[in-house]
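Asks: The structure that follows is given in the form of structure tokens.
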Amino acid sequence: MKALFIAYNQAFNEEIAEILEKNGQRGFTRWTDIQGRGSVDGTPHMGSHAWPEMSHAILSCVEDDKVEPIMAQLKEADMAAKDLGLRAFVWNVEMFY
Amino acid sequence: MSIYRKAVNNPVTTTLIFVAFMVFGIFSLINTSIAQFPEFDSNTIMVMSSYQGANAADIETNLTKILENALNGVENLKELTSKSKENISLLTLEFEYGTDIEEATNNVRDKLDMVNSQLPDGVTVPVIFKFSADDMPIMMLSATATESAAALDKILDDRVATPLARVSGVGTVSVSGAPTREIKVYCDPNKLQAYGLSVSTISSLIAAENRNLPSGNIDIGSETYTLRVQKEFSDPSELLDIVLGSVNGRTVYLRDVASVVDGSQEREQESYTNGSRSARIIIQKQSGANTVNVIKGVKKALKKIEKDLPSDVDIIMVRDGSEEIIHTINSLKETILITFLVVMLVVFIFLGNWKSTFIIVLSIPMALLASLVYLFATGNTLNIISMSALSIAIGMVVDDAIVVLENVSTHLSRGEKPKEAAVHGTAEVGISVIASTLTMLCVFLPLTMISGMAGIMFKQLGWIVSIIMIVSTTAALTLVPMLCSRWLKPNEEHGRLYRMFFTPIDKFLDKISHGYSRVIGWAVTHRKTVIFGAFGIFMAVLMLLGPGLKTEFFPHADSDTVSATIELPMGTAQAVTADLSERITGQILEQVPETRVLNATFGQADTDNIFANMQSNGTHILSVNMNIGRPASRERTSAEIADVVRAILREYPEIRKANVNDGGMGMGGASTVDIEVYGYSFEETDRVAKELQAKLLATPEYSQVILSRDEYTPEYQMDFDRTKLAMHGLNSTTAGSAFSAAMSGSVTSFYREDGDEYSIRVRYAPEFRTSIEDMENIIVYNAQGQPVRMKELGNVVETLVPPTIERKDRDRLITVKGIVANKVALSEAVNAAQQIINDTPIPSELSIVIAGDYEDQQKMFHDLLILIVLIILLVYMVMASQFESFMSPFVIMFSVPFALTGVLLGLWTSGQALGMMGMVGIIILLGIVVKNGIVLIDYTILCRERGMSVVEASVTAARSRLRPILMTTLTTVLGMLPMAVGRGEGSEMWRPLGVTVCWGLSISTLITLILIPSVYCVFATRQEKKANKKK
């Protein structure tokens, strides 16, 4: 079981949840309209006058074998609209019930 | 969920809401009436009372002054003028516009009740009239006939006037000028004397013979019969057989002493149309009825009526009050359509995409139609003001949609899904779109709150533009994103034709952007030069053109009617007037070939003719009405034609006073300058007024100058000597009535035919009423039955009747009314008048005031100036709260003075004067010139927040915002262009509005695009330094 954290431009909106769903991943936790900024480049998503855009984020715990295809599709979505900004991070889930 | 997302997610609801707006709008459009100006209540009340036997001066002291003192304190009274003439005192109370006239009438009535006991005995109770501009005639017809000429009056009365009066909205229909039948009994005074008869005896004998008497009932057998004596004349010739008495055993019949003539009244109004005898039919509408609708109804009724009339009776339209209105509104409709197309073209060129263009221009009909719902719901009309408002708004409604669509496109091009791009793109600019709409509302909503004439004019403008702005902003935030999410596609592939056409445009725009950013780069580093340069331009234009700025009240519109009222010396015989009328009309027809219909009417009006009696009439007054056709059908304007008529009238030295006007009543006619000379002494004021009149006429600024006061007019008085009267056993009433019966006749009976009554007038035959001697020989019988001649009782003396005493605000005055010449602005005429007043030695007891249109104009300019200050403050406040700063809006405000520079330049190049519409243009400019500044400064601040330096931010912002600024400015400027260059009918009215906005916005945009970044840099740098010091 891996935890998948996806931070993305609000413009992706339902798209990310749809990718999870397509890969048979039902569960996720989502935060909407949050602030964030990329480490390298891209416009910050601060919801301010200067940077009006905002981010959403999803945390989803997925089976190990689903991580690869999901990551690939997320990357594809990011590449299709590079200016928007989407990042995904994976780490191990130690325990759950 | 945000409103944007709701709109995007519910396309059906969103669409249907706006479709509903459009449906209501179309319904309103069909049902809204048209008119020339917004309707307003009349603001005038007249109070009339009479005091028999008092002369003008007595009336003034004993009646007028008392009434004036009482009424002076009535609430909201603007002006109190009065006229005191023999027997009659007439007060006119003019209230501030917008005053509730019902309430004012009650107040006046209360005041009158209070003062009633102070009035001298014998004064009639003052009567209150509510006079309204609506009472002016809306239509003038003229009827001619050949065979039926003699019966014309009756035919028109029965078959035209009566059915027309039934048309909904028609107030009165008055027929004048046609011969009125009268049975005239002309007596020979010598024969009367021989038989010992008098006019009044004959008159009463005729009355006694001409009666039907109901005489009760009789029962015969089982039936009851009514009894009647039926002895009314069935033919005028029967009169001749009346027995007057017997002398020396011989019966005296009427035929022995008099002749009976069945003809027309001796003195009556005569009317001629295009040279042939005619009747004039004048139609007035009811107060509050819509002119265009009433005339439509009248015309429909006329069509039916004309079919039933004898074939030789022709009805010609002399004046149709609706035509001008309809054509004016039509030409405004055209202007709106052209504006719409121009704006659409601009948007298309900038966006290069028909789908985007459609989305944007869709807000235009939507917002316009929604505002029509307001017009319909409040019972207003489509008029020059409301239609101008629509035209103004077209260029501005697209701005919000453009901003939204532009941002959505940016989001789309970054790869967002259309729906998300629409929502987020709209959300980002939502606040600034609302803020810019708020600044516009700051300008237009105060317009709905001003009072007075300006309030009446601009209430609709304020509401309409405000509603349009609100609707268009709502559409921009809901409908536009919804349509964008459906129709816009990211990075569309374009065809070859598209590339061929739009690549050069794109390149050109890029070049401008590039050049502009270079200019800004220079400007922000040479701030002093830029700021002082701009200041220099502003001052230079202000100094050079400011003093020469011409002002006016309302532009002089080309009209299809010219009318003239010509007064000959009082007492000119009708035959002389008729002769002059023939000569003058002949000359006019010759020199004004444009004339379609020419009607000339003169003579004493019948007492039952309401309209004619409202105007001055008499044997010496000739009124000429000309229809010169639509402006499009002729070369010369109505003002030029009026000048031709004035020149013709100047050739006749016998004319004492001539007033030539083109156009209808009130607004749109030539401007007038009234110089009011206040003073008690008739001689002094007359002398000064005449001197001013002569001097004014000598200047080129005036085409006609009239004095309000009449001259002393000659009259004959029969002056009885009481001692002589007593000696003959007579009193002055008996003698006086005999005198009047002989001269003007006695009417005690009527001849009835076919349900109509005609007066039977007994008087001396015309040949015995020609000289003073004839008057002196009139016989009156005393109680003993002895004949006494007038010359034994007194003398006929010639005297002078003093003129009417006019007063205004409780002082005597004489008004010198100057009509401003064609193509001369009101301000020039006022300057000329002021110069003349200064050069004329004026006794210290007199005072002189310039009033008339000038006074109204000054008041309105004053009102509007206060409004401008208020609007500037409001706009500043809205911007300050939007930016949460005092500095940024202050910088943006620098664009306002340059709007004025543009207005001055525009008025100067187009040679126009600053009038009411121009002032409205300036007010509108206050709202739109700051829009560009807002966009520019907002983005500059954004760039600084993103970490750029002040200078860098200014240049970047300038470059990236140039395109949207150019686009919104161009839509507004080009949207106003059809108004500014309009040549349609009535365009004189709104052309100044177009000119001021076009020039003001263009010049201000050009200058502020360079100046504002520089000024911003100055202030921002200073702020930064201060902040650094604090650290």
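The values are calculated or read from the model by the stated rules, or taken from the named source; none is laboratory data. Computed from a prediction, not measured in an experiment: that's the story for all the values here. FYI the Cβ positions are ideal-geometry reconstructions off the backbone, even for glycines, and counts take in every protein chain you see.
Asks: Could you please let me know if B:LEU977 is touching a residue at least 12 places away in the same chain (Cβ under 8 Å), touching a Cys at 6+ places or on another chain (Cβ under 8 Å) and in a helix (DSSP H, G or I)?
Replies: Criteria met by B:LEU977.
Asks: Here's a follow-up. Which of the residues spanning the stretch B:375-393 are in a helix (DSSP H, G or I) and either touching a Lys or Arg at 6+ places or on another chain (Cβ under 8 Å) or over 13 Å from B:ASN31 (Cβ atoms) (or both)?
Replies: Selection gives B:ILE384, B:ILE385, B:SER386, B:MET387, B:SER388, B:ALA389, B:LEU390, B:SER391, B:ILE392, B:ALA393.
Asks: So which of B:VAL247, B:VAL252, B:VAL260 is within 27 Å of B:GLN604 (Cβ to Cβ), surrounded by 13 or more Cβ atoms within 10 Å (Cβ to Cβ) and in contact (Cβ under 8 Å) with a residue 12 or more places away in the chain?
Replies: Only one candidate qualifies: B:VAL260.
Asks: Hey, another quick one. With respect to the numbered conditions (1) away from chain A (no Cβ under 14 Å); (2) more than 21 Å from B:LEU966 (Cβ to Cβ), which one is the sole condition not fulfilled by B:ALA427?
Replies: For B:ALA427, the exception is condition (1).
Asks: Against the condition in contact (Cβ under 8 Å) with a residue 24 or more places away in the chain and out of contact with any Phe, Trp or Tyr (no Cβ under 9 Å at 6 or more places or on another chain), how does B:VAL423 come out, does it pass?
Replies: no
Asks: Give the residues of the stretch A:28-47 that are surrounded by 14 or more Cβ atoms within 10 Å (Cβ to Cβ), within 14 Å of another protein chain (Cβ to nearest Cβ) and farther than 17 Å from A:ASP83 by Cβ, sorted by residue number.
Replies: If the condition is that a residue be surrounded by 14 or more Cβ atoms within 10 Å (Cβ to Cβ), within 14 Å of another protein chain (Cβ to nearest Cβ) and farther than 17 Å from A:ASP83 by Cβ, then A:GLY47 is the only one that fits.
Asks: Of (1) surrounded by fewer than 16 Cβ atoms within 10 Å (Cβ to Cβ); (2) within 14 Å of chain B (Cβ to nearest Cβ), A:GLU94 satisfies all except one. Which?
Replies: The failed condition is (2).
Asks: State the number of residues belonging to the stretch B:551-584 that are surrounded by fewer than 18 Cβ atoms within 10 Å (Cβ to Cβ) and in contact with an Asp or Glu (Cβ under 8 Å, 6 or more places away or on another chain).
Replies: Residues flagged as surrounded by fewer than 18 Cβ atoms within 10 Å (Cβ to Cβ) and in contact with an Asp or Glu (Cβ under 8 Å, 6 or more places away or on another chain) within the stretch B:551-584 amount to 3.
Asks: Given the criteria surrounded by 14 or more Cβ atoms within 10 Å (Cβ to Cβ), in contact with a His (Cβ under 9 Å, 6 or more places away or on another chain), modelled with pLDDT under 85 and over 30 Å from B:GLY915 (Cβ atoms), does B:ASN782 qualify?
Replies: yes
Asks: With a cut-off of at least 3 residues that are within 18 Å of B:VAL747 (Cα to Cα), name the strands (runs of 3 or more DSSP E) lying wholly within the stretch B:178-270.
Replies: In the stretch B:178-270, B:181-187, B:258-264 are the strands (runs of 3 or more DSSP E) which contain 3 or more residues that are within 18 Å of B:VAL747 (Cα to Cα).
Asks: OK, next. Across the stretch B:1-50, what is the total count of residues that are hydrophobic (A, V, I, L, M, F, W, C), touching a helix residue (DSSP H, G or I) at 6+ places or on another chain (Cβ under 8 Å) and part of a helix (DSSP H, G or I)?
Replies: Residues in the stretch B:1-50 being hydrophobic (A, V, I, L, M, F, W, C), touching a helix residue (DSSP H, G or I) at 6+ places or on another chain (Cβ under 8 Å) and part of a helix (DSSP H, G or I): 10 in total.
Asks: Scan the stretch B:2-23 and give yes if some residue there is in contact with a strand residue (DSSP E or B) (Cβ under 6 Å, 6 or more places away or on another chain) and either at pLDDT below 85 or closer than 30 Å to B:LEU112 by Cα (or both), otherwise no.
Replies: no
Asks: A further question on this structure: Can you pull out the residues in the stretch A:7-27 that are in a loop (DSSP other than H, G, I, E, B) and either within 14 Å of chain B (Cβ to nearest Cβ) or under 11 Å from the mean Cα position of the chain (by Cα) (or both)?
Replies: Matches in the stretch A:7-27: A:ASN13 only.
Asks: May I ask you to say which residue of B:ILE360, B:ILE349, B:ILE384, B:ILE402 is of a type in the set (Val, Ile, Thr), more than 14 Å from every other protein chain (Cβ to nearest Cβ) and within 36 Å of the chain's Cα centre (by Cα)?
Replies: The match here is B:ILE384.
Asks: So B:LEU900 clears everything in (1) under 26 Å from the mean Cα position of the chain (by Cα); (2) within 21 Å of B:SER1014 (Cα to Cα) except one condition, right? Which one?
Replies: Here B:LEU900 clears every test but (1).
Asks: Hey, another quick one. Just the residues that are in contact with a strand residue (DSSP E or B) (Cβ under 6 Å, 6 or more places away or on another chain) and not hydrophobic (A, V, I, L, M, F, W, C), please, taken from the stretch B:681-713.
Replies: Residues satisfying the conditions are B:THR685, B:GLN693, B:TYR702, B:SER703, B:GLN704, B:SER708, B:ARG709, B:TYR712, B:THR713.
Asks: Tell me which of these B:ALA564 doesn't satisfy, since it passes every other one: (1) within 31 Å of the chain's Cα centre (by Cα); (2) under 30 Å from B:VAL429 (Cα atoms).
Replies: Only one criterion is unmet by B:ALA564, namely (2).
Asks: Same structure, new question: I need a count of the residues in the stretch B:801-846 that are in contact with a His (Cβ under 9 Å, 6 or more places away or on another chain), surrounded by fewer than 17 Cβ atoms within 10 Å (Cβ to Cβ) and on the phi < 0 side of the Ramachandran plot.
Replies: 1
Asks: Follow-up. If you check B:ILE512, B:ILE505, which single one turns out to be closer than 30 Å to B:THR940 by Cα, out of contact with any Leu (no Cβ under 8 Å at 6 or more places or on another chain) and β-branched (Val, Ile, Thr)?
Replies: Being closer than 30 Å to B:THR940 by Cα, out of contact with any Leu (no Cβ under 8 Å at 6 or more places or on another chain) and β-branched (Val, Ile, Thr) holds for just one of B:ILE512, B:ILE505, which is B:ILE505.
Asks: Among the β-branched types (Val, Ile, Thr) and surrounded by fewer than 17 Cβ atoms within 10 Å (Cβ to Cβ), is that true of A:ILE16?
Replies: no
Asks: Still on this structure, please answer the following. Pull up the stretch B:932-951, narrow it to residues that are farther than 20 Å from B:SER881 by Cβ and within 14 Å of another protein chain (Cβ to nearest Cβ), then point me to the one that is surrounded by the fewest Cβ atoms within 10 Å (Cβ to Cβ).
Replies: B:GLY947
Asks: In the stretch B:68-85, how many residues are of a type outside the set (Gly, Ala, Ser), more than 12 Å from B:THR105 (Cα to Cα) and either within 28 Å of the chain's Cα centre (by Cα) or not in a strand (DSSP E or B) (or both)?
Replies: 8
Asks: Of the residues A:ASP65, A:ASP78, only one is in a helix (DSSP H, G or I) and out of contact with any strand residue (DSSP E or B) (no Cβ under 9 Å at 6 or more places or on another chain); which?
Replies: The unique qualifying residue is A:ASP65.
Asks: Here is a list of conditions, (1) in contact (Cβ under 8 Å) with a residue 12 or more places away in the chain; (2) within 29 Å of the chain's Cα centre (by Cα); (3) closer than 26 Å to B:ALA151 by Cβ, and B:GLU324 meets all of them except one; can you say which number that is?
Replies: (3)
Asks: In the stretch B:42-71, which residues are at pLDDT 85 or above and farther than 24 Å from B:ASP121 by Cβ?
Replies: Within the stretch B:42-71, none qualify.
Asks: Go through (1) of a type outside the set (Phe, Trp, Tyr); (2) away from chain A (no Cβ under 14 Å); (3) touching a Pro at 6+ places or on another chain (Cβ under 9 Å); (4) surrounded by fewer than 23 Cβ atoms within 10 Å (Cβ to Cβ) one by one and return the number of the condition B:ILE434 breaks.
Replies: Just one mismatch for B:ILE434, condition (3).
Asks: Looking at the stretch A:79-89 only, could you name the residues that are within 14 Å of chain B (Cβ to nearest Cβ), closer than 12 Å to A:ILE16 by Cβ and surrounded by fewer than 19 Cβ atoms within 10 Å (Cβ to Cβ)?
Replies: Across the stretch A:79-89, there are no qualifying residues.
Asks: Now for a separate question. Is one or more of the residues making up the stretch A:56-68 within 14 Å of chain B (Cβ to nearest Cβ) and buried (at least 18 other Cβ atoms within 10 Å of the Cβ)?
Replies: yes
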